[in-house]
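Visitor: Below you'll find the structure I mean.
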Amino acid sequence: MDHEKVNILLVDDQPAKLLAYEVILKELGENLVVASSGREALEVLLKTEIAVILVDVCMPELDGFELAAMIREHPRFQKTAMIFISAIQVSDIDRLRGYEMGAVDYVPVPVIPEVLRAKVKVFAELYRKTRELERLNQDLEDRVRARTAELENSTAKLRESEERRTMAIAAGKMGSWDWDWLSGDWMWDDGQYRIFGVSPENFEVNPVNVQALLHPDDVDQLRKAIAEFNKGTRAYETEFRIVRPDGEVRWCVGTAAASADASGRVVRVSGVTVDITERKRAEERQNLLAREVDHRAKNALALAQSIVRLTRADEVKAYVNAVEGRINALARVHTILSLSSWQGAELSKLIEEELAPYSLGGQIKLAGPEVQLVPATAQTLALALHELFTNSAKYGALSTRSGRLAISWQADNDLLILTWDETGGPLVRTPKSRGFGTRSLLASVESQLGGQAQFDWRSEGLLCRLEVPLTHKSAATAAAQDKFETNSSPELQRASG
């Protein structure tokens, strides 16, 4: 749908980041204006009408907080939406400071394109709708004021009803109304009846009936509006909820304008009601998505941090390879989970992703039913499988073409039993001490998943048996996993020692 473009100001001292934001926001179809410093941003604001400001918190000279404070001091920009982008961990105090300066939201780095676009789009649409409502309300007020003096009351009501009906239909989910302050008579157009879920045939418009359709928590809004008009206020706007006769709750924005006689006494109040339920629901979905993305990003970063911290190697190259392998394993399982919208992952798919580099000449055989793993189990089990494959490729059956690997699994009473059976490889001896891969595998399976890992170092090849709960976890296991996600488990820390 065609609409009037609004201006979005991007403020950052790094050209590369500005270019990235332009690429992300380009598909919104709005006008993107860039500024490489706080002072340049202020110059742009004085010359251009800006709907949304996207500003980096950390900048030289004027940082994001200082820029926001200066912007808010100007009367024109007191309601301009500002979104902060922060590459550092923002504390609650910093967030409070930002909101006091006028920020409406925060976006952490790395920026997720979909989330950034959605946030900017919401505030751009809000700005556009606000401007439309201001224009409509001004037009309505001018017409009501002119007609009151020129036309008889009956003719004015008929003409205003028709014109407001046309305006509401053209603008979307809108309705208009008129209240004769002296006689108490109300007039609703078709759009107003439609928003409230009633019809002219079975609903009489009067204060008692209208109040009965308002949400109990929002009735005071009506009383407050009447009190404001009695004090001399000529325009009023508020958000409120209605409860339709069928029980459905809808969100609305109401804008009202009062007309007065020569003595200044209010004689008529006219207004526009806009149904914003879909916008409210979209905002709720967006907020939920943002919280979900934030939660999953933090978990992924915690796992990556633990991998980097706990990996040990005698040489830099070996360390880099080990870290890259484990991070890649984590990335692969995240790809699988994202394709399922984080509902879960098939065990066979995890195994196939890990064995892809090694499946040469039919060395590997798989056998087992379809087993769906919850995200937390899939992440931890993927890392455990990575350690087994890496160890086998270095020292076990996959290190030679004569070696064979059989992986089988079964699910019994919510317990996954996976068997890893190597044969035909180099002669195996029981290790005098466990390496980091083996110790981290034990720690992750036993501590994170509440399962068991058993190793049998047979001369013909390693036999490993993993037992992992599929659904239920004890309170102790859940607590251990939460601790791992924030600072790694004690078992895994001991394994790195």
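The values are calculated or read from the model by the stated rules, or taken from the named source; none is laboratory data. Values in this document were obtained by computation on a predicted structure and should not be read as measured data. Cβ: placed from backbone, ideal geometry, glycine included. Neighbour counts: every protein chain shown.
Visitor: Evaluate the following for Gln448: is it over 24 Å from Pro357 (Cβ atoms), surrounded by 23 or more Cβ atoms within 10 Å (Cβ to Cβ) and either within 45 Å of the chain's Cα centre (by Cα) or assigned by TED's automatic domain parsing to the domain that holds Ile351 (or both)?
Guide: Spelling it out, Gln448 is indeed over 24 Å from Pro357 (Cβ atoms), surrounded by 23 or more Cβ atoms within 10 Å (Cβ to Cβ) and either within 45 Å of the chain's Cα centre (by Cα) or assigned by TED's automatic domain parsing to the domain that holds Ile351 (or both).
Visitor: Next question. Restricting the search to region 232-246, which residues are of a type outside the set (A, V, I, L, M, F, W, C) and either crowded, with 18+ Cβ neighbours inside 10 Å or at pLDDT below 85 (or both)?
Guide: Gly232, Thr233, Arg234, Tyr236
Visitor: Please enumerate the residues belonging to region 363-405 that are in a helix (DSSP H, G or I), out of contact with any helix residue (DSSP H, G or I) (no Cβ under 8 Å at 6 or more places or on another chain) and polar (S, T, N, Q).
Guide: Once the filter is applied, which keeps residues that are in a helix (DSSP H, G or I), out of contact with any helix residue (DSSP H, G or I) (no Cβ under 8 Å at 6 or more places or on another chain) and polar (S, T, N, Q), region 363-405 yields only Thr377.
Quick grid of which residues meet (1) modelled with pLDDT under 90; (2) more than 30 Å from Thr377 (Cα to Cα); (3) in contact with a Pro (Cβ under 8 Å, 6 or more places away or on another chain):
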{"residue": "Glu248", "(1), (2), (3)": "no, yes, no"}
{"residue": "Glu278", "(1), (2), (3)": "yes, yes, no"}
{"residue": "Ala282", "(1), (2), (3)": "yes, yes, no"}
{"residue": "Arg285", "(1), (2), (3)": "yes, no, no"}
{"residue": "Arg296", "(1), (2), (3)": "yes, no, no"}
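Visitor: Can you name every residue in region 1-49 that is surrounded by 15 or more Cβ atoms within 10 Å (Cβ to Cβ), assigned to a helix (DSSP H, G or I) and small (Gly, Ala, Ser)?
Guide: Matches in region 1-49: Ala20, Gly38, Ala41.
Visitor: Gly424 is checked against (1) on the phi > 0 side of the Ramachandran plot; (2) at pLDDT below 90; (3) small (Gly, Ala, Ser) and fails just one. What number does that condition carry?
Guide: Result: Gly424 fails condition (2) only.
Visitor: Within region 12-33, track down each residue that is within 20 Å of Glu125 (Cα to Cα), among the hydrophobic types (A, V, I, L, M, F, W, C) and in contact (Cβ under 8 Å) with a residue 12 or more places away in the chain. Reasoning before the result, please.
Guide: To start, the set of residues in region 12-33 that are within 20 Å of Glu125 (Cα to Cα) comprises 21-33.
Remaining after also requiring among the hydrophobic types (A, V, I, L, M, F, W, C): 23-25, 28, 32-33.
Selection gives Ile24, Leu25, Leu28, Leu32, Val33.
Visitor: Oh, and also: Which is touching a Phe, Trp or Tyr at 6+ places or on another chain (Cβ under 7 Å), surrounded by 19 or more Cβ atoms within 10 Å (Cβ to Cβ) and not hydroxyl-bearing (Ser, Thr, Tyr), of Leu416, Leu405, Leu441?
Guide: Checking each option against the conditions leaves just Leu416.
Visitor: How many residues are more than 30 Å from Ser263 (Cβ to Cβ) and in contact with a Phe, Trp or Tyr (Cβ under 9 Å, 6 or more places away or on another chain) when one looks only at region 220-243? Talk me through it step by step, then tell me what you get.
Guide: Restricting attention to region 220-243, the residues satisfying the condition of being more than 30 Å from Ser263 (Cβ to Cβ) are 239-243.
Still in the running and in contact with a Phe, Trp or Tyr (Cβ under 9 Å, 6 or more places away or on another chain): 239-242.
Within region 220-243, residues that are more than 30 Å from Ser263 (Cβ to Cβ) and in contact with a Phe, Trp or Tyr (Cβ under 9 Å, 6 or more places away or on another chain) number 4.
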